[in-house]
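Enquirer: I have a structure I would like to understand better, so I am pasting it below and will then ask my questions one at a time.
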Amino acid sequence: MIPQNCLVLEGAGENVAAALSDWLTRHPLSRGGGQLTLLTPRWCANPTAEPERLPPCSILLLPGTAGPLAARFQTGCAVSYGSAARDSLTISSIEGERLAVAVQRELPTVYGGAVEEQELVLPARHTWSPLPALAVIGTLLLLGVPPEQIMDDPLFS
């Protein structure tokens, strides 16, 4: 179940919220924290919400290509995911059934902690494309889930 402090703005046909909900049902979070808003790749491609209807958040997670949308939110921090070197979360490699995700810089969590710069290697036997996979992994990290826990019980196998 997705916690109340996490809002997922998802495009049609994406299964990001379902994957998050499934994983968080197996590993429930026990605390509140600041508000996290996730913008998925397809939502960003065709956003329908009016700026005044988008809630304020502590952390905004969005595709790097959608950077201009960050101005539509009242947020303390915007974190980008994508394939550009400037994005905070990127796919560093995909080899066979392994997906490597790079955390390019230290990131805040909604609980006041931090995710250190590092690389996470996960099994990836699912047919997920890179951007939705980054959205799910980034959301879990920003919600304070330890990287080891994500690697030990991956979403995409």
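Just so it is clear, none of the values below were taken in a lab; they were calculated from the coordinates. Bear in mind that the values here come from a model prediction, so they are computed numbers and not experimental data. No Cβ is skipped: glycine too gets one built from the backbone with ideal geometry, and neighbour counts run over all protein chains shown.
Enquirer: May I ask you to evaluate 6.51 cos²θ - 1.76 cosθ + 1.60, the Karplus curve with θ = phi - 60°, for each residue of region 110-121 and list the ³J(HN,Hα) values in order in whole Hz, giving x for glycine and proline?
Expert: Once θ is set to phi - 60°, the couplings for region 110-121 become 5, 9, x, x, 9, 9, 6, 4, 5, 10, 10, 10 Hz.
Enquirer: Asp153 versus Asn15, label points 7 Å from Cα toward the beta carbon: distance in nm?
Expert: 1.9 nm
Enquirer: If you average the sequence gap of Cα pairs under 8 Å that are 6 or more apart and divide by the length of the chain, what percent do you get for the contact order? Walk me through the numbers before you get to the answer.
Expert: On the way: 296 pairs, mean separation 29.8, N = 157.
It comes to 19 percent, rounded to a whole number.
Enquirer: Mean residue ellipticity at 222 nm from the helices of the chain, using -39,500 (n - 2.57) per DSSP H segment of n ≥ 4 over the full residue count, to the nearest 500 deg cm²/dmol? Please report the intermediate quantities before stating the final value.
Expert: Numbers: 4 runs with 35 residues, N = 157.
Only helices count here, giving -6000 deg cm²/dmol.
Enquirer: With viscosity set to 1.567 mPa s and temperature to 4 °C, compute the Stokes-Einstein D of the chain, Rh being the Kirkwood radius across alpha carbon pairs; µm²/s, no decimals. Can you show the working numbers first?
Expert: Numbers: Rh = 15.4 Å.
For these conditions, the coefficient is 84 µm²/s.
Enquirer: Amide H of Gln35 versus every other amide H placed in the peptide plane: which residues, excluding those fewer than 5 positions away on the same chain, fall under 5 Å?
Expert: Answer set, sorted by chain and number: Ser58, Ile59.
Enquirer: Okay, next question. Going toward the positive end of the dipole of the chain, with +1 on Lys and Arg Cβ and -1 on Asp and Glu Cβ, which of Ala71, Leu131, Ala84 do you reach last?
Expert: Ala71
Enquirer: While we're here: Summing Lys, Arg as +1 and Asp, Glu as -1, what charge do residues with Cβ under 13 Å from the Cβ of Pro63 carry, Pro63 excluded?
Expert: -1
Enquirer: Just to confirm a number: summing +1 for Lys and Arg and -1 for Asp and Glu over residues other than Asp22 whose beta-carbon lies under 15 angstrom from that of Asp22, what do you get? Working shown, then result.
Expert: Values: positive: Arg26; negative: Glu10, Glu14, Asp153.
Once all neighbours under 15 Å are counted, the net charge is -2.
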